[in-house]
Amino acid sequence: MKRSKLVLKSFLLATAIAVSGAAMAQVEVGVRAGVNLSNLTIKDADGKTVNGAKITPGFNAGLTFDIPVADEFYIQPGALFSMKGAKLERSAHEYFNADAFSPAAAGDYTRLNTYNIEVPVNFIFKPAAGNGNLLIGAGPYFSYALGGNFKRVTDRYGTETGKLEFAKDYNDFSSNPDKMTFGKRADVGANLLFGYEFANRFSVQLNGQLGLTNLEPKSNGRKPDEVLRNNNFGVSFGYKF
């Protein structure tokens with residue numbers, strides 16, 4: 001937890017320094033909001049992909065700061081609220097619910113949603129195209145889960161809802177039956193984006209994210225063989241002031 005907080009503080013500090021330093025440059029502040037189509041990559045201890053994880057919709061919203069570094073090139077840090085997750089069916093549903101809901105009946109599923117503070121730092125190329133500019137970018141992101149919810153629908157128990165629980169080790173989870181264990185809070189990954197900024201300063205872009213952090217908790221301090229990673233695709237709209 002201390003390391004996660006240190007990384008979060010480092011990213012926020014780097015963003016703050018970049019934005020404050022850009023006050024002497026022509027920084028462009030913008031707002032951004034859009035739809036996330038997120039999912040989870042799940043692998044068991046044998047390295048086999050656990051099937052049944054499906055895309056679930058969410059959203060993102062926040063601020064971006066375009067800092068010019070060269071002709072048509074910008075560094076774009078941001079501060080976003082981002083909702084991610086997955087809809088788990090079949091094997092994925094059983095994986096997250098252990099033996100209590102195994103085997104899964106037809107129609108059983110679990111929907112997970114996490115609520116994250118996200119700090120992307122993208123490197124943007126803005127070549128002129130028509131009356132506006134293309135947007136081509138890539139860079140890292142850091143995400144920290146503030147919380148999350150689950151909705152579990154089973155033929156045996158009906159519909160149940162509750163909160164997700166986060167920890168770095170399975171020993172740190174509580175035994176509260178109304179909560180579902182998820183994984184680690186901190187996530188680092190890679191961004192890709194492609195879009196267009198119109199002459200009126202409105203923009204639209206496609207966003208892709210690949211989580212690089214294994215969110216699967218340790219077990220008694222042992223590094224997990226299982227894998228749990230975020231992946232995300234979406235469309236967002238923005239405006240520069």
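Here are some notes:
- For segment 42-70, a residue qualifies if it is acidic (Asp, Glu) and crowded, with 16+ Cβ neighbours inside 10 Å, and exactly one does: Asp66.
- Filter pass, Phe233 being in contact (Cβ under 8 Å) with a residue 12 or more places away in the chain, of a type in the set (Phe, Trp, Tyr) and more than 25 Å from Ala104 (Cβ to Cβ): yes
- Residues considered: Asp225, Asp187, Asp178, Asp172. Of these, the only one that is more than 21 Å from the chain's Cα centre (by Cα) and under 23 Å from Val50 (Cα atoms) is Asp225.
- Looking across segment 152-190 at every residue that is of a type in the set (Lys, Arg) and more than 30 Å from Gln205 (Cβ to Cβ), the one that is least open to solvent (accessible area, probe 1.4 Å) is identified as Arg152.
- Listed conditions (1) modelled with pLDDT of 95 or more; (2) more than 24 Å from the chain's Cα centre (by Cα); (3) of a type in the set (Phe, Trp, Tyr) are all met by Tyr157, apart from (1).
- Taking segment 1-95 and the strands (runs of 3 or more DSSP E) fully enclosed by it, no element has 2 or more residues that are farther than 24 Å from Phe194 by Cβ, modelled with pLDDT of 90 or more and among the basic types (Lys, Arg).
- Condition met for Ile117 (open to solvent by 60 Å² or more (accessible area, probe 1.4 Å), in contact with a Pro (Cβ under 9 Å, 6 or more places away or on another chain) and at negative phi): no
- Check on Gly183, in contact with a Gly (Cβ under 7 Å, 6 or more places away or on another chain) and within 27 Å of Asn149 (Cβ to Cβ): no
- Verdict on Gly107 being without any contact (Cβ under 8 Å) to a residue 24 or more places away in the chain, open to solvent by 30 Å² or more (accessible area, probe 1.4 Å) and among the small types (Gly, Ala, Ser): no
- Against the test of being in contact with a strand residue (DSSP E or B) (Cβ under 7 Å, 6 or more places away or on another chain) and touching a residue at least 12 places away in the same chain (Cβ under 8 Å), the options Ala167, Ala79 yield a single qualifying residue, Ala79.
The values are calculated or read from the model by the stated rules, or taken from the named source; none is laboratory data. Here the structure is a predicted model, which means the values were calculated and not measured. Because the Cβ atoms are built from the backbone with ideal geometry, glycine has one as well, and the counts that use them run over all protein chains shown. Note: areas computed on protein heavy atoms with side chains; ligands, DNA, RNA excluded. Shrake-Rupley method; radii C 1.70, N 1.55, O 1.52, S 1.80 Å.
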